[in-house]
1. In terms of modelled amide H atoms, which long-range or inter-chain residues lie less than 5 Å from the amide H of V101?
2. If you count only protein heavy atoms and use a 1.4 Å probe, how large is the accessible surface of E114, to the nearest 10 Å²?
3. When the Karplus curve 6.51 cos²θ - 1.76 cosθ + 1.60 is applied with θ = phi - 60°, which whole-Hz ³J(HN,Hα) does each residue of region 16-28 get, with x for Gly and Pro?
4. In whole Hz, with x marking every Gly and Pro, tabulate ³J(HN,Hα) for region 183-196 from phi via Karplus 6.51 cos²θ - 1.76 cosθ + 1.60, θ = phi - 60°.
5. Can you give the FRET efficiency to the nearest 0.05 for F10 and D159, using r as the Cβ-Cβ distance and R₀ = 41 Å?
6. Can you work out the Karplus-derived ³J(HN,Hα) for every residue in region 208-225? Use 6.51 cos²θ - 1.76 cosθ + 1.60 with θ = phi - 60°, whole Hz, and x for glycine or proline.
7. If DNA, RNA and ligands are ignored and the probe is 1.4 Å, what is the ranking of F74, F67, F109 by accessible area, most exposed first?
8. Mind checking the full-extension length gain between E195 and L57? Use 0.36 nm per residue of separation minus the Cα-Cα distance, one decimal, nm.
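The values are calculated or read from the model by the stated rules, or taken from the named source; none is laboratory data. Owing to the predicted nature of the structure, the values given are computational and were not obtained by experimental measurement. Note that each Cβ is placed from the backbone with ideal geometry, even for glycine, and that neighbours are counted across all protein chains shown. Each accessible area value is taken on the protein alone, full model and side chains, heavy atoms only, with ligands, DNA and RNA left out. Shrake-Rupley method; radii C 1.70, N 1.55, O 1.52, S 1.80 Å.
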Amino acid sequence: MSSKDRIPIFPSRGAQTLMKGRLKGAQTGHSLLKKKADALQFRFRAILNKIIQTKTLMGEVMKEAAFSLAEAKFASGDFNHQILQNVSKAQTKVKTKKDNVAGVSLPIFEAYSEGSDSYELTGLARGGQQLAKLKKNYQKAITLLVDLASLQTSFVTLDEAIKLTNRRVNAIEHVIIPRIERTLAYIISELDELEREEFYRLKKIQDKKKAARKKTEKEKESMKQEGLDVEHAANILDEHHDEDLLF
């Protein structure tokens, strides 16, 4: 195993406990990120279906609005200059709020009307019904456009978040966890080798002690055969008083 394939660490019991904790944390993180990716994918597919439905409906609404504009111009004549002169501020505005999906913040746009209708009396002389229908259709088209913008913005945001989450999941699954596992296997193999060396050392010490004991017993046996007092034999390690020698 190459040193690049594992974390550089000194093999010990503490390092083994540390690597086990890291492995557990990496596995937990992988599980949580996997669940997050699944939740984002679920919301991503739901938004995609809504975008398809909204775009289909948008085509029909815009077609109806364009037809209403043609009817209103036929009934009331050209009223563009009158509308442009009366414009002072936007009547339909957009507000933004946030939605949280598995830690990802999604912007949501909503259209709302503010103030009174500045064009309420437009078409009073003729074509009032067609103008009211025109305003209603274009108001519906604006609402759909804002909803579509909100969905597409959320779609792009979720797409980036899913790519980032999948990269993290793959990095943990294929890089981090295998590296920690290889490091843990290296530490276990080194500790096993140290245990074998320690066992071999203790065994050699026991063998030497047994050999020394046998040698001592043989010496005592030979001394007994020679008639020497083995029990009261002098021991140079014992403490006793020696008379002073004068030269």
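1. Amide H to amide H, under 5 Å and 5 or more residues apart or across chains, V101 pairs with L106.
2. The value for E114 is about 70 Å².
3. 5, 4, 4, 5, 5, x, 5, 5, 5, x, 5, 5, 5
4. 5, 5, 5, 5, 5, 5, 5, 5, 5, 5, 5, 5, 5, 5
5. Working: r = 44 Å, r/R0 = 1.08.
Working from the Cβ atoms, E equals 0.40.
6. 5, 5, 4, 5, 5, 5, 5, 5, 5, 5, 5, 5, 5, 5, 5, 5, 5, 5
7. Working: F74 185, F67 125, F109 50 Å².
Reading off the accessible areas and sorting them downward yields F74, F67, F109.
8. On the way: separation 138, 0.36 × 138 = 49.68 nm, distance 7.43 nm.
Taking 0.36 nm per residue and subtracting the Cα distance, the gain is 42.2 nm.
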